[in-house]
Ligand code: ADP
């Protein structure tokens, strides 16, 4: 920091006073004062010139400031200190950037920075390997470099709450998982992981379950056929064998159901989502499912209601039948005789909701997040009694995901359960046939 300015001013005044005094003695006051001022000006110009020279030299290579006393010495020191501080800050920043670059270069995961114009700003070496990027790609739009339609849809959508899986552009046999995060002002950070080993394991598991279920189907059908024949001819059976044969038949039916559900799940996991979509009228579909539920669980004398407004949903009819029937059959299975089951459809801000609700036993909150896991059952014995496989809600979740929909479960013990399927607006066919407009609520039992 510059010292107090007064000593410098004093020194200046002293020089001028001395010049004035000598001028007085010689009778040349004005001349000597002018000479003194010219000297001061020359000295200042000389120091300014040295400062300029030094600033130019130090820009090429840092060097010590010129020696000077007084005000000019302070100016040199001040500038020198500022320069040093700035240099240190710059070196610190560079070392951080170097470290960040070195560590990201060592990563197996590709890291890409995309600016707000959607152009590639920076990426690490793994991105070259996984995505086939080259140095010349800097400042090119990412969507020109990665042209996979699945990626383009994901990237343009802007909702990055779930990662995307897609084959690597450079080697289709490798599987990548891509995640994107927004940062700064409209910039994006993209992380790409090679998940080939995990994907292979997952495929192996899926194939294994699919193959085992397929292989078990024939033996179980044969066993059930024989058991059925035995039960059809129960009067020829030794009475001690009737109960065991009945139980064997019951359990093999259960096994058949599990195999059927496992095969359905495998199909849902392996079959690509069809681009072909049929328009499905929701309330007539619910009405058909209600009839099937009444056929299966008629002895429980449930009150079935169908409510709300119908809509045309684009999707796969068989899959939607399977998902919604699982919900309705569950309601019928778990709701005690005489209970009420309501199937409804209604438009919402985000699209359309199909709801299946009952006034059955309800579900404790800690189970709700896990209900769609395979083989997860709230109560093992209750589920076994009802012939449940523990796969129904897993099937529902898969089918809904294939229709860009999601499942919401609201339930409280003793107050019944509500299963809501939220379909997005893009699944709705715009025009609904007038003849299928809202029907009044009606009791169908
Ligand atoms: P399950 O074949 O055992 O019914 P699901 O996957 O369909 O298997 O359902 C998982 C569990 O969720 C069931 O075991 C049951 O405990 C519970 N559950 C499902 N629907 C209902 C319902 N409507 N009311 C009460 N509990 C239900």
Review point. Among 151, 46, 375, which one moves the most in a GNM of the chain with springs linking Cα atoms closer than 10 Å?
Key: 46
Practice item. Quick one: P(r) of the chain from all Cα-Cα pairs, 10 Å bins, percents rounded to integers, in order of increasing distance. Key: 4, 13, 16, 15, 12, 9, 6, 6, 6, 5, 4, 2, 1, 0, 0, 0
Practice item. Please report the Cα spread of region 107-159 along all three principal axes, rounded to whole Å, starting with the longest. Key: 27, 21, 17
Revision key, fill the gap. Summing -39500 (n - 2.57) over every DSSP H run of at least 4 residues in the chain and dividing by its residue count gives a helix-only mean residue ellipticity at 222 nm, to the nearest 500 deg cm²/dmol, of -17500 deg cm²/dmol
Exercise for review: State, to one decimal in nm, how far the label point of residue 9 lies from the label point of residue 221, with both points 7 Å from Cα in the Cβ direction.
Suggested key: 10.9
Check your understanding: Which distance in nm do the two modelled labels at residue 426 and residue 35 give, with both placed 7 Å along the Cα-to-Cβ direction?
Key -> 9.2
**Study point:** Efficiency of FRET from Cβ geometry, residue 116 and residue 410, R₀ 45 Å, rounded to 0.05
**Key:** 0.65
Practice item. Please find the FRET efficiency linking residue 100 to residue 195, where r is the Cβ-Cβ separation and R0 is fixed at 30 Å, and quote it to the nearest 0.05. Key: 0.75
Point to revise | FRET efficiency, residue 64 to residue 43 (Cβ-Cβ, R0 25 Å, nearest 0.05) | key: 0.75
Practice item. List the relative contact order of region 218-319 as a percent without decimals, with contacts defined as Cα pairs under 8 Å and 6+ residues apart. Key: 28
Practice item. Take every Cα pair under 8 Å in region 2-109 that's 6+ residues apart, average their separations, divide by the length, and report that relative contact order as a whole percent. Key: 20
Exercise for review: For a footprinting-style exposure proxy, rank 15, 328 by other Cβ within 10 Å, fewest first.
Suggested key: 15, 328
Exercise for review: Return a whole-number percent for the relative contact order of the chain, with Cα pairs under 8 Å and 6 or more residues apart as the contact set.
Suggested key: 10
Practice item. Quick one: among 233, 326, 316, which has the greatest mean-square fluctuation in a GNM of the chain with alpha-carbon springs under 10 angstrom? Key: 233
Exercise for review: Calculate how large, on average over all directions, the projected area of the Cα convex hull of region 271-348 is; give the answer in nm² to one decimal.
Suggested key: 5.8
Check your understanding: Which residue fluctuates the most in the chain, going by a Gaussian network model with Cα springs under 10 Å, if the choices are 158, 210, 351?
Key -> 158
Check your understanding: So how much slack lies between residue 317 and residue 87, counting 0.36 nm per residue of separation and subtracting their Cα-Cα distance, in nm?
Key -> 75.9 nm
Exercise for review: Quote to one decimal, in nm, the extra length available between residue 376 and residue 214 on full extension: 0.36 nm per residue of separation minus the C-alpha distance between them.
Suggested key: 56.1 nm
Check your understanding: Under the Kirkwood approximation for Rh and a Cα-based Rg, what ratio Rg/Rh is obtained for region 51-102?
Key -> 1.15
Revision key, fill the gap. Site residue 254, offset 7 angstrom along Cα→Cβ, radius 16 Å on amide nitrogen, limited to region 222-240, gives 224
Review point. Among 232, 349, 207, which comes first, second and so on when ranked by fewest other beta-carbon atoms within 10 Å?
Key: 349, 232, 207
Study note, to complete from the structure: Treating every alpha carbon of region 187-294 as one equal point scatterer without solvent, the Debye formula yields log10 I(q)/I(0) values at q = 0.11, 0.14, 0.16, 0.19 Å⁻¹ of -0.67, -0.88, -0.97, -1.05
Point to revise | Fewest-first ranking of 224, 204, using other Cβ atoms within 10 Å as the exposure measure | key: 204, 224
Point to revise | Antiparallel DSSP beta bridges within the chain, as percent of all bridges there, nearest 5 | key: 90
Check your understanding: Out of every Cα-Cα pair in region 7-159, what percent are more than 22 Å apart?
Key -> 67
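Every read-out reported here was derived from the displayed coordinates using simple, explicitly stated rules and does not represent laboratory data. Everything numeric in this text was worked out from a predicted model, so none of it was measured. Virtual Cβ from ideal backbone geometry, glycine too; neighbours counted across all protein chains shown.
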